[in-house]
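To start, the structure under review is shown below, and the notes come after it.
The values are calculated or read from the model by the stated rules, or taken from the named source; none is laboratory data. Since the structure is predicted, the reported quantities are computational estimates derived from the model, not experimental observations. Accessible surface areas use protein heavy atoms only, side chains included; no ligands, DNA or RNA. Shrake-Rupley method; radii C 1.70, N 1.55, O 1.52, S 1.80 Å.
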Amino acid sequence: MSLLNPVLLPPKVKAYLSQGERFIKWDDETTVASPVILRVDPKGYYLYWTYQSKEMEFLDITSIRDTRFGKFAKMPKSQKLRDVFNMDFPDNSFLLKALTVVSGPDMVDLTFHNFVSYKENVGKVWAEDVLALVKHPLTANAPRSTFLDKILVKLKMQLNSEGKIPVKNFFQMFPADRKRVEAALSACHLPKGKPGGAR
């Protein structure tokens, strides 16, 4: 790359983010703590976690507003969760394991996704590297082709047991355009009527 023709390269996702790490995802409202595997897809489009039931939840990297660790991460208020994490013991290492991912469409309507790692300082490293992906200039200013690629990446990550994309995922991806999705599937000679059908 010369100084006269600088090129902005897409963000690089560190290997450990793609491989994933074991965390416990907790929620103060439901007082549920569930083991998950937290990952970032290899292209850096989504932060996602997989539950033991194989159910996945996705968080678009562009919707992340902040990542917090240590004393800045959210702390459980419910006594049930405090007991789960042994928060009331003096030698507790919760702060060294905590990670909070803050997301939302703006800085007012925020959602807090709370995680606790099994090892110390993992939350800190994840918070820093995920925020680096969020702050990369191409994350917020991506070309149009990137948005099509994001759709494809998400659909490919949600394959069924037969290795096919369930038809319902197309409808979930484009909920406002049901007729267009049906027309597109029909034009490609793919099943469109059965929600359980697969591509």
Most mobile of PRO35, PRO166, PRO11 in a GNM of the chain (Cα contacts under 10 Å): PRO166
Can you give the angle from 0 to 90° between the axis of helix 178-187 and the longest principal axis of the chain, with both taken from C-alpha atoms, to the nearest 10? 50 degrees
Using θ = phi - 60° and Karplus 6.51 cos²θ - 1.76 cosθ + 1.60, couplings along segment 52-67 (whole Hz; Gly, Pro as x): 4, 7, 6, 5, 10, 10, 10, 10, 4, 4, 5, 8, 6, 9, 6, 10
Suppose a student asked you for the relative contact order of segment 6-72, using Cα pairs under 8 Å spaced at least 6 residues apart; what percent would you report? 22 percent
A correct Karplus calculation of ³J(HN,Hα) over segment 85-100, with 6.51 cos²θ - 1.76 cosθ + 1.60, θ = phi - 60°, whole Hz and x for Gly and Pro, returns 9, 6, 5, 8, 8, x, 8, 5, 10, 3, 4, 7, 10, 7, 9, 10
For P(r) over Cα pairs in 5 Å bins from 0, in percent, several values are listed as (i) 1, 7, 13, 17, 16, 14, 12, 9, 6, 3, 2, 0, 0; (ii) 1, 8, 15, 19, 21, 17, 11, 5, 2, 1, 0; (iii) 1, 6, 8, 11, 14, 17, 16, 12, 8, 4, 2, 1, 1, 0, 0; flag the one computed from this structure. (i)
For the chain, built as a Gaussian network whose Cα springs stay under 10 Å, the top-fluctuating residue of VAL32, VAL130, VAL153: VAL32
Mean ellipticity per residue at 222 nm, deg cm²/dmol - from DSSP H runs of n ≥ 4 across the chain, formula -39500 (n - 2.57): -8500 deg cm²/dmol
Going by accessible area, probe 1.4 Å, with all protein chains left in place, what is the ranking of GLU120, GLU57, GLU162, largest first? GLU162, GLU120, GLU57
